[in-house]
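Let me begin by presenting the structure, written as structure tokens, before commenting on it.
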Amino acid sequence: MNAYRLLQILLVAFGAVFCLVGPLAMVWPSGWAWHEGPPMASQYFMMIVGVYATLGVFMILAARNPLGNVSLIWFVAVSSAVHAAIMAVQSLSAPMHQGHLLGDVPALLLVTIAFAVLLPKAQRSGA
């Protein structure tokens, strides 16, 4: 499988996960939600769910033509790295949030690494 095809698959797979942040928080709150109580009880969390679901849909759409959506893919990679770094620091300072070091922090770093490695390879090889 070439880098372009793998990039397409990961855009759909990661996009689907981004769309599922809300349900993931219901199943594993300590790894995905940042507040006490039910995940849907926080207005801030619901805003994040909406933003990530929207981004996930655009990632899935970008899978049709990844090289035509390079800036979106780089945005996902870089913003995921920044988000993971901030969350890791916050997790270390609050014991109740250390589950994020096993949940969304590594998930975001995986997204960052996958896209940062695959996108340049896909650009070199073309479609």
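The values are calculated or read from the model by the stated rules, or taken from the named source; none is laboratory data. Small disclaimer: the values here were computed from a predicted structure and weren't measured. Please note: Cβ atoms are built from the backbone with ideal geometry, for glycine as well, and neighbour counts cover all protein chains shown.
At a glance:
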read-out: Flag for Ala41 being modelled with pLDDT under 95 and surrounded by 14 or more Cβ atoms within 10 Å (Cβ to Cβ); value: no
read-out: Test result for Met87, at pLDDT below 95, assigned to a helix (DSSP H, G or I) and surrounded by 18 or more Cβ atoms within 10 Å (Cβ to Cβ); value: yes
read-out: Lone qualifier among Leu109, Leu118, Leu61, Leu72 - being modelled with pLDDT of 85 or more, assigned to a helix (DSSP H, G or I) and under 17 Å from Asn2 (Cβ atoms); value: Leu118
